[in-house]
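Accompanying notes for the structure given below.
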Amino acid sequence: MKGCRPLTDEEIELIAASFGGMYAARDKALFLLGIYSGFRVSELLSLRLGDVVQGDQILDRITVQRRHMKNKTCGRTVLLKPLTKESLSTWIDELKAEGHTGPDTFLFRSRKGGNSPITRVQAYRLLKEAYATNEMMGKLGTHSMRKTFANKVYSHFKRELAEGKPVDLFRMTSKALGHRNINSTDQYLSFLEEEIDEAILAI
């Protein structure tokens, strides 16, 4: 959703703790993977068990294949944070307990039966419910996960730059997002407006 804002660390914790019901583990895994991978929601929903699990182990890196990416020009591989791996492991254990063990099983299965993922609309609804439960304001949607990832990556490289490390801030952020054109990255850095406001007040 165009114009969605990123989430703060406090908001991430609140949302991650607010999923409930039969699919709480699934929804939490989807949310955390979205926050810490920067995959678009359609890319997340394309994932199957074989993309995430090898044997009984969660892979350290997961790849969304080119055919599932927005522009279908190349795939994208992302390193998984321990927190994300833990959440995925909890959900995958539930899938396996239900007998869904095949590598072609969609990771974020729908409750409607058959081997199909939840829809983008369902993903939007479950996140909107979590946002509403925590009384969060502003324009929020599924794309807030990718915006948050961009925010976090940019902030990390900015700190490294401030420490004197030779970092090309925008190029590295663009690479982390999987953008082929660095100009596309500008759309994700809406939080830079706060820095501009700070600069104006400091003049």
Could you tell me whether any residue of the stretch 90-101 is surrounded by 12 or more Cβ atoms within 10 Å (Cβ to Cβ) and of a type in the set (Gly, Ala, Ser)?
no
Among the candidates MET136, MET145, which residue alone is of a type outside the set (Phe, Trp, Tyr), outside any helix (DSSP H, G or I) and surrounded by 13 or more Cβ atoms within 10 Å (Cβ to Cβ)?
MET136
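Scan the stretch 57-79 residue by residue and report those that are assigned to a loop (DSSP other than H, G, I, E, B), closer than 12 Å to PHE39 by Cα and either at pLDDT 75 or above or among the polar types (S, T, N, Q) (or both).
Pass one, the stretch 57-79, residues assigned to a loop (DSSP other than H, G, I, E, B): 59-60, 65, 69-75.
The next check asks that each one be closer than 12 Å to PHE39 by Cα; those that pass are 65, 69-70, 75.
Matches in the stretch 57-79: GLN65 only.
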Could you check, for the stretch 86-97, whether at least one of its residues is at pLDDT 95 or above, in a helix (DSSP H, G or I), under 22 Å from HIS156 (Cβ atoms) and of a type outside the set (A, V, I, L, M, F, W, C)?
yes
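Considering only residues that are over 17 Å from the mean Cα position of the chain (by Cα) and either surrounded by 19 or more Cβ atoms within 10 Å (Cβ to Cβ) or not assigned by TED's automatic domain parsing to the domain that holds GLU98 (or both), which ones fall in the stretch 20-48?
TYR23, the sole residue that qualifies.
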Residues of the stretch 98-121 classified as in a helix (DSSP H, G or I) and in contact with a helix residue (DSSP H, G or I) (Cβ under 9 Å, 6 or more places away or on another chain), total:
1
Determine the pairs where a residue that is closer than 11 Å to PRO6 by Cβ, located within the stretch 146-167, has a partner that is at pLDDT below 85 and assigned to a loop (DSSP other than H, G, I, E, B) with Cβ atoms under 6 Å apart, the partner being 6 or more residues away or on another chain.
ASN151/PHE191
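The values are calculated or read from the model by the stated rules, or taken from the named source; none is laboratory data. Since the model is a prediction, treat every value here as computed from it, not as a measurement. As a convention, Cβ positions derive from the backbone with ideal geometry for all residues, glycine included, and neighbour counts pool all protein chains shown.
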